[in-house]
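A.B. asks: Got a structure for you, written out below as structure tokens; questions coming shortly.
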Amino acid sequence: MVHDIGLAEELAQDALVAALEQWPESGVPDNPGAWLMAVGKRRAIDRIRRRQRLEHKLEEIGRDLESQAPPELDVPDDEHIEDDVLRLIFTACHPVLPVHARVALTLRMLGGLTTDEIAHAFLVSEPTVAQRIVRAKRTLSEAGVPFEVPEGPDRAARLSSVLEVIYLIFNEGYAASAGDAWVRTDLCQEALRLGRILAGLAPGEPEVHGLAALMEIQASRTRARTGPSGEPIPLLEQDRGRWDRLLIHRGYAALLRAKDLGEPPGPYVLQAAIAASHAQAPTAEDTDWAQIASLYEILATVAPSPVVELNRAVAVGMAHGPEKGLDIADALVDEASLRGYHLLPSVRGDLLERLGRWDEARTQFERAAELTRNAPERKALLDRAASVGGRAQ
């Protein structure tokens, strides 16, 4: 209605304040979302009334509101996105914005992530992300971008940004970048929900199915990823009997749908294939690390990045020995984007420990503990550093 993200956020907050004031006395309405939307729209109309230069827009909005059926009675056709959150994600991923700004804005508005969490996900500074978000809001407002559902080629053009957004939300839930919890189940579930909806809306897009498969299989490990006190449990030490077989089978099915479309595998399909390789191994010892290393090599060609190289170092170290894995990891030490990334010293520490280079390994684990902002992960890394000496003896 107002064509301004900042103003829309203010109106939404006004509606929430009204709910906090009224609901304790009147009770929660049968349709809280519709109630909040109605209050927000009324506040928008009030705001527009006070702005003389937009009186004509008030008349248009008033006529539109009078002619519209209640939101819950709308019946969208198959070509329309039926989920409100997903609709807004597509809207925020408008081509007028740079890709990094689309993702940052969507994560901040709709993904439940703070600016700090987004910065960690992007491996950039918090002020950088904050500036991206402010500029993105200003750009959308100045360009007069209509907040509408894209169709046809326009929807396809925004798909890669939407996939990136959903996966970043999932990743923040799967391994929280900060705080006292290692796993944020709410974010994982929201990303899974969005991924499943998108897979139903875009059945001919292999990368959509690839992302769905990847998240399903990774989510299957949730119960096995933490111990009694919430401490992280590494993949190779997890009780695979606690992995959710239903989610694994859903992931397999999504991966098969992607492969059946017959297109060359993209980044999400390849990552899903890697996750499937882990899921197929009944024990950690049965893992086909050579296959996983080969998949990472392909992934590094299709979607090269320092993080992919770091993951490849792990796989190569398991498949062909820690020396070769360490060579790959060492080559990333001067990579600027990984300078504050705690998993780089963590991986190097593991490889050094397997090579019997105890002092160096301990230093790397301590460095990783300094860099992480997640409390359970920090404790686990410090415990790992302390145990290196004992293993040496």
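Quick note: the coordinates plus some simple rules give every number you see, no bench work behind them. In this text the structure is predicted, and so the values were computed from the model without any measurement. When we count neighbours, we look across all protein chains shown, and the Cβ atoms used for this are built from the backbone with ideal geometry, even at glycine.
A.B. asks: Could you identify which residue out of PRO24, PRO95, PRO32 has the top mean-square fluctuation in a GNM of the chain using Cα springs shorter than 10 Å?
C.D. replies: PRO24
A.B. asks: At 20 °C and 1.002 mPa s, what whole-number value in µm²/s does Stokes-Einstein give for the translational diffusion of the chain, with Rh from the Kirkwood sum over Cα pairs? It would help to have the intermediate numbers written out before the result.
C.D. replies: Working: Rh = 23.3 Å.
My calculation gives 92 µm²/s for D.
A.B. asks: Restricting to Cα pairs below 8 Å that are 6+ residues apart, what does the relative contact order work out to for the chain? Please round to a whole percent. Walk me through the numbers on the way to the answer.
C.D. replies: Working: 505 pairs, mean separation 42.8, N = 393.
Over the chain, the number comes to 11 percent.
A.B. asks: Name the residue farthest towards the positive end of the dipole of the chain from the options GLY349, PRO322, GLN280, assuming +1 on Cβ of Lys and Arg, -1 on Cβ of Asp and Glu, about the Cα centre.
C.D. replies: GLY349
A.B. asks: In the chain, with Lys and Arg counted as +1 and Asp and Glu as -1 at Cβ, which of these residues, PRO146, SER337, TYR167, has the Cα nearest the positive end of the dipole, that is, farthest along it?
C.D. replies: My answer, from the dipole projection, is SER337.
A.B. asks: Please report the equivalent ellipsoid semi-axes of the range 224-311, computed as sqrt(5 x eigenvalue) of the Cα gyration tensor, largest first, in whole Å.
C.D. replies: Semi-axes from the Cα gyration tensor: 24, 17, 12 Å.
A.B. asks: Further, regarding this structure: On the principal axes of its Cα set, how long, how wide and how thick is the range 300-393? Give whole Å, largest value first.
C.D. replies: In descending order, the Cα extents are 41, 30, 20 Å.
A.B. asks: Find which of ALA313, GLY200, PRO32 sits farthest along the positive direction of the dipole of the chain, computed with +1 on the beta-carbon of Lys and Arg, -1 on that of Asp and Glu, about the Cα centre.
C.D. replies: The listed residue farthest towards the positive side: ALA313.
A.B. asks: For the range 168-214, compute the orientation-averaged projected area of the C-alpha convex hull (one quarter of its surface), in nm².
C.D. replies: Mean shadow area of the hull around the Cα atoms is 3.1 nm².
A.B. asks: How do SER26, SER346 rank when sorted from fewest to most other Cβ atoms within 10 Å of their own Cβ?
C.D. replies: SER26, SER346
A.B. asks: What is the projected area of the convex hull of the Cα atoms of the range 89-207, averaged over all directions, in nm²?
C.D. replies: On the way: hull surface 29.1 nm².
Value for the range 89-207: 7.3 nm².
A.B. asks: While we're looking at this one, here's another question. Just how far, in whole angstrom, is the range 261-332 from the range 13-47 if you go by their alpha carbon centroids?
C.D. replies: 50
A.B. asks: Charges at C-beta only: +1 for Lys and Arg, -1 for Asp and Glu. How large is the resulting dipole of the chain about its Cα centre, in Debye rounded to 20?
C.D. replies: So the magnitude is around 640 debye.
A.B. asks: How many angstrom lie between the Cα centre of the range 357-386 and the Cα centre of the range 146-171?
C.D. replies: 37
A.B. asks: Then there is this: Quote the charge dipole size of the range 300-393 about the Cα centre in Debye, to the nearest 20; the model charges only the Cβ of Lys and Arg (+1) and of Asp and Glu (-1).
C.D. replies: 280
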